[in-house]
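**Q** There's a structure below that I have some questions on.
The values are calculated or read from the model by the stated rules, or taken from the named source; none is laboratory data. Model, not experiment: these values are computed from the prediction. Note that each Cβ is placed from the backbone with ideal geometry, even for glycine, and that neighbours are counted across all protein chains shown.
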Amino acid sequence: MEADLGPPLRPSPDRNLVQNVHYYNRPAGTPWSQNGDFGFLEDILGQFIGKDSAEKVSSHAKMLFHDLVRLGLAQPIWQQIGKRGKTLFVNDIEQQFELVGYCDNHWKALLVGSLVYAQWNRRGGKIVKTLTGKPLSPMARLAADVAADAAAAATAGSVRNRATTTTTRSRPKSSKSNGKERAVVDSDLEGESELPTDAESTNGGMCRSIR
């Protein structure tokens, strides 16, 4: 009985259908580097999709990595992820962004995975491994998810409490000097920077997986 690898990979598009794409076959080196790490992502006209669109591809890839964690398919490094995990990743990202599939043998999707996984695991995906670099058990992964959610909620609550306290303290107090009323504001509020929003305070928290 074959392992469940999800739907089979769709065939690569005919070269004649994407004839304007420069990087259909993977070239030696990174000749697209003038456009950054994701310069190989082109539209049907062979134009680089731009940094904003490339960031959307990267963000989607990170959400897929969280799904791999929940399925028990994530590993400390991309190269250790097995066929099932990579098949699920390639199928989803090429379905979401058709242009990622404008190549032979899915090399663009696999390169996106390799580039983004290293960054994600180093910054926000540390739940994949322990300090020794070994994969966490399913229960440990679940505990890490719960802890991360609790930390994000606590951070958001702290910011809301700070905003409430600052609003209360900054209300002017009335006093009289030489028969005239003047507003007195706590001196320690002078020059205080604008409070971060809840979204900014929780930036970097773990995104939720797409189901």
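**Q** In segment 18-72, what residues are free of Cβ contacts under 8 Å to residues at least 60 places away in the same chain, closer than 18 Å to LEU110 by Cα and acidic (Asp, Glu)?
**A** If the condition is that a residue be free of Cβ contacts under 8 Å to residues at least 60 places away in the same chain, closer than 18 Å to LEU110 by Cα and acidic (Asp, Glu), then ASP43, GLU55 are the ones that fit.
**Q** Got at least one residue in segment 4-16 being acidic (Asp, Glu), surrounded by 14 or more Cβ atoms within 10 Å (Cβ to Cβ) and out of contact with any strand residue (DSSP E or B) (no Cβ under 8 Å at 6 or more places or on another chain)?
**A** At the first step, the residues of segment 4-16 found to be acidic (Asp, Glu) are 4, 14.
Checking the rest, the ones that are also surrounded by 14 or more Cβ atoms within 10 Å (Cβ to Cβ) come to none.
No - not one qualifying residue is present in segment 4-16.
**Q** Sort out which residues of segment 70-86 are of a type in the set (S, T, N, Q), over 19 Å from ARG26 (Cα atoms) and assigned to a helix (DSSP H, G or I), and write them in order of number. So that I can check it myself, show each step before the final result.
**A** Let us first name the residues in segment 70-86 that are of a type in the set (S, T, N, Q), namely 75, 79-80.
Still in the running and over 19 Å from ARG26 (Cα atoms): 75, 80.
Passing the criteria: only GLN80.
**Q** In addition: Would you mention how many residues in segment 69-86 are among the aliphatic types (A, V, I, L, M) and in contact with a Phe, Trp or Tyr (Cβ under 7 Å, 6 or more places away or on another chain)? Let's see the steps before the verdict.
**A** First pass over segment 69-86, keeping only residues among the aliphatic types (A, V, I, L, M): 69, 71, 73-74, 77, 81.
Narrowing the set further to residues that are in contact with a Phe, Trp or Tyr (Cβ under 7 Å, 6 or more places away or on another chain) leaves 74.
Count: 1.
**Q** Name the one entry in PHE65, PHE40 that is in contact with a helix residue (DSSP H, G or I) (Cβ under 7 Å, 6 or more places away or on another chain), of a type outside the set (Lys, Arg), within 17 Å of GLN119 (Cβ to Cβ) and assigned to a helix (DSSP H, G or I).
**A** The unique qualifying residue is PHE65.
**Q** Is there a residue in segment 103-117 that is touching a Lys or Arg at 6+ places or on another chain (Cβ under 8 Å), within 21 Å of LEU9 (Cα to Cα) and at pLDDT below 95?
**A** Scanning segment 103-117 turns up no residue that is touching a Lys or Arg at 6+ places or on another chain (Cβ under 8 Å), within 21 Å of LEU9 (Cα to Cα) and at pLDDT below 95.
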